[in-house]
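The values are calculated or read from the model by the stated rules, or taken from the named source; none is laboratory data. Quick caveat, the model's predicted, so the values are computed rather than measured. Cβ coordinates were reconstructed from backbone atoms using ideal geometry, including for glycine residues, and neighbour counts include every protein chain displayed.
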Amino acid sequence: MPEIEFTIDTETGKCETEIKGIQGSACEQTARQLRQVLGSPTTDRKTAEFHIKPQSKRRVGSNE
Amino acid sequence: MSKYMTFESQSFPNRELLLDALAECGFASPTQGSNLPLKGWDKKNPQTADIVIGRGDVMGQSLLGDVGFKKTAQGYVAIIDDMDLEYRLGKDFVVRLQNSYHEASARKMAKKLGGTLIKERVGKTIKIRVKF
């Protein structure tokens, strides 16, 4: 199940967000919605999961 | 996980969420408008803002000047007299407002995505999970 985790440091007002369980452009869309409410982030990085592509299997035909 | 972002700015991009955050901090009915003059500021240094908390509307005590929020390209920025911040509102006023704003943002995202929200406080950290 996808989720967004907000971690708020109440002493500094800093807010870290992690978008989990969404890949590629769907993740970018959620990030855009976050930027609309929170403004420009000071840190913005994609994690390894962002780059995972859906697996596709090539069908190999038989020559026989 | 797939994306990580950090937000530290003391400007507030969304008017509705700023009003929610102000209400949570005890200022439920600020005046809204455009370039409203702030009372109590030096006439040599007049200030205007778009959201205004009257200097008499703060916790039963009178501030030296109105508290304002002015719209900029980055969002709404607070205009507060230094002395009021030091002796009446508290130095951490803007940080408290940021915290409330961030919580309001999480609630808005949960609503927008049709998700559920789980809030947990651990020491000085608030963790909010929005599952959708």
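Summary of computed values
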read-out	value
Failed condition for residue B:16, given (1) modelled with pLDDT of 95 or more; (2) more than 11 Å from chain A (Cβ to nearest Cβ); (3) loosely packed, with under 15 Cβ neighbours inside 10 Å	(2)
Residue match in region B:20-30 (condition: assigned to a helix (DSSP H, G or I), buried (at least 20 other Cβ atoms within 10 Å of the Cβ) and among the hydrophobic types (A, V, I, L, M, F, W, C))	yes
Number of the exception - residue B:63 against (1) part of a loop (DSSP other than H, G, I, E, B); (2) aliphatic (A, V, I, L, M); (3) modelled with pLDDT of 95 or more	(3)
Neighbours by Cβ (under 7 Å, 6+ apart or cross-chain): first from region B:67-79, in contact (Cβ under 8 Å) with a residue 40 or more places away in the chain and crowded, with 20+ Cβ neighbours inside 10 Å; second in a strand (DSSP E or B) and of a type in the set (Lys, Arg)	B:76/B:70
Matching residues in region B:90-102 - criterion: being out of contact with any strand residue (DSSP E or B) (no Cβ under 7 Å at 6 or more places or on another chain) and either more than 25 Å from residue B:64 (Cα to Cα) or part of a helix (DSSP H, G or I) (or both)	B:93, B:95, B:96, B:97, B:98, B:100
Region A:1-31 - residue that is in a helix (DSSP H, G or I) and within 7 Å of chain B (Cβ to nearest Cβ) and, of those, nearest to residue B:94 (Cα to Cα)	A:31
Residue that is hydroxyl-bearing (Ser, Thr, Tyr), surrounded by fewer than 18 Cβ atoms within 10 Å (Cβ to Cβ) and more than 26 Å from residue A:39 (Cα to Cα), where the choices are B:62, B:34	B:62
Residue check for residue B:130: under 29 Å from residue A:35 (Cβ atoms), surrounded by 17 or more Cβ atoms within 10 Å (Cβ to Cβ) and either more than 14 Å from every other protein chain (Cβ to nearest Cβ) or at pLDDT below 95 (or both)	no
Some residue of region B:37-46 being under 24 Å from residue A:42 (Cα atoms) and more than 14 Å from every other protein chain (Cβ to nearest Cβ)	no
Residue tally, condition modelled with pLDDT under 95 and of a type in the set (A, V, I, L, M), over region B:19-33	1
